[in-house]
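Heads up, the thing below is written out as structure tokens.
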Amino acid sequence: MSKAICIEQYGGPEQLKLVDVPVGEPGPGQIRIRHKAVGLNFIDVYQRTGLYQNPLPLQLGMEASGVVEAVGEGVTHLQVGDRAAYAANPPGSYCEERVMPAMNVCKLPDAISFETGAAMMLKGLTAQYLLRRTLPQAGLQPGDFVLFHAAAGGVGLIACQWAKALGLQLIGTAGSDAKCALAAEHGAAFTINYAKEDFAVRVKAITGGKGVKVVYDSVGKDTWDKSLDCLSPFGLMASFGNASGPAPAFAPGMLGAKGSLYVTRQTLFTHISSRAATQGMADELFAVVTSGQVKIRIDQRFALEDVQSAHRALEARQTTGCTILTL
């Protein structure tokens, strides 16, 4: 048996319940892993509220690190005793131990701690596919401007550092001066407190009226319309989240009027839909972390049984950097 966090119906943080669940043995293509730390992500909130629906009852969580305890038939990239970390479907990482598909589980380099491994996989792989794979028509070159919303969050602080390493000029937005300062400390070339300023006006000023080549937006409803106004002709609007609610519907014709823009809605799990893709992306992430180019900042730690408080803090935008659940 394993302690785990489950919901029986969609709703607020009060739906998160600590229960005992059976674990069992891994089948073909599966492993059993005992967790050392668990990552917390906004997708967990979407799944708890039902914005992203899954069959109920549901064990939450998409990210964790730990030690492999058993390996099923056909699994060759992992062995019993391996240190490992993952971002993976199906949900279920909010627990002490679980059986899960092995495809998205990667060996964790010895130089990376379990806490860092739990904090970095979903957010770090997200930053990887955004900055390395989700690119405007002509790609990105050193010196190019990009706009990144929620730049002081878990994905944002990784992206600030990675963009700097790539030579990009990242303009980061956040909701307070303190969060803007944090983004700047982590490599944002410019920061905008969108609680005080019109970020679209400021972006045009920063870029000499040209706009940015790409906007990376996990906020959704509150930033969508003005983000389109920040783009240069043929620019890319890359949506990857809905922290303020889903982006509004729009008429495709307006993309032409605003400069023949491109729009895409990305998800991590499309990018890591194969073992080879997962490992290739993880190897690049591990490399930038072990080299020191990207440091994983863990600003909040909650015990597994305090997960309700963790979700309340995340939804209230009281968190910065990464948040983990400890076991």
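In this simple spin-label model, placing a label point 7 Å from the Cα along the Cα-to-Cβ direction at both Ala249 and Thr290 gives a separation of 5.0 nm. Our summary gives segment 1-115 a relative contact order of 32 percent, counting only alpha carbon pairs under 8 angstrom and 6 or more residues apart.
Packing, as the average of other Cβ atoms within 10 Å across residues, places the peptides 269-282, 247-260 in the order 269-282, 247-260, highest first. Within the shell defined by Cβ-Cβ distances under 12 Å, the residues around Leu135 carry a net charge of +2, with Lys and Arg each +1 and Asp and Glu each -1. Looking at this model, which pairs from Lys17/Lys221; Lys164/Lys295; Lys204/Lys258; Lys3/Lys107; Lys164/Lys221 are more than 22 angstrom apart at the alpha-carbon? Among Lys17/Lys221; Lys164/Lys295; Lys204/Lys258; Lys3/Lys107; Lys164/Lys221, the Cα-Cα distance tops 22 Å for Lys17/Lys221; Lys3/Lys107; Lys164/Lys221. In this rough spin-label picture, where each label sits 7 Å from Cα along the Cβ direction, the Asp283-Tyr10 distance is 4.0 nm.
Comparing Cα centroids, segment 276-298 and segment 57-90 end up 18 angstrom apart. Packing, taken as the mean count of other beta carbons within 10 Å per residue, orders the peptides 35-42, 227-234, 101-108 from highest to lowest as 35-42, 101-108, 227-234.
Ala316 to Thr264: FRET efficiency via 1/(1 + (r/R0)^6), r the Cβ-Cβ distance, R0 22 Å, to the nearest 0.05?
With a Förster radius of 22 Å, E is 0.15.
Since only Leu236, Tyr52, Gly280 are under comparison, the one whose Cα sits farthest along the positive direction of the charge dipole of the chain, derived from C-beta charges on Lys, Arg, Asp and Glu, is Leu236. Put simply, the chain fits an ellipsoid with semi-axes of 34, 21, 18 Å; these come from the alpha carbon gyration tensor as the roots of five times its eigenvalues, largest first. Could you let me know the centre-to-centre spacing of segment 243-267 and segment 113-174, using Cα atoms, in angstrom? First find each Cα centre; the distance between them is then 21 Å.
Please state, to two decimals, what the Cα-based radius of gyration of segment 137-265 comes to when divided by 2.2 N^0.38 Å (N = residues).
0.96
The simple Förster model, with R0 at 22 Å and r as the Cβ-Cβ distance, assigns Lys204 and Ala165 a FRET efficiency of 0.25. State, to one decimal in nm, how far the label point of Asp229 lies from the label point of Lys17, with both points 7 Å from Cα in the Cβ direction. Simple spin-label model gives 4.8 nm for this pair.
Here the gap between Ala181 and Asn89, fully extended at 0.36 nm per residue and compared with their Cα-Cα distance, gives a gain of 29.7 nm. Cβ crowding within 10 Å, taken as a proxy for footprinting-reagent exposure, orders Cys180, Cys95 from fewest neighbours to most as Cys180, Cys95. Between Ile112, Ile296, Ile158, the Gaussian network model of the chain with springs among Cα atoms under 10 angstrom shows the greatest mean-square fluctuation at Ile112.
So if I place +1 on the C-beta of Lys and Arg and -1 on the C-beta of Asp and Glu, and nothing else carries charge, what would the dipole magnitude of the chain be about its Cα centre? I want it in debye, nearest 20.
The calculation lands at about 780 debye.
Ranking Ala184, Gly139, Gly156 by Cα position along the charge dipole of segment 137-265, where only Lys, Arg, Asp and Glu carry charges on their C-beta atoms, puts Gly139 farthest toward the positive end. Extension gain for the segment Leu56 to Arg133, taken as residue separation times 0.36 nm less the Cα-Cα distance, is 24.4 nm to one decimal. Under the membrane-span-like helix rule (DSSP H runs whose alpha carbons stretch at least 24 Å along the helix axis, mean Kyte-Doolittle hydropathy -0.5 or higher), the chain yields 114-133.
No value in this document is a laboratory result; all are computed from the given coordinates. Model, not experiment: these values are computed from the prediction. Neighbour counts run over all protein chains shown; Cβ positions are idealised from the backbone, glycine included.
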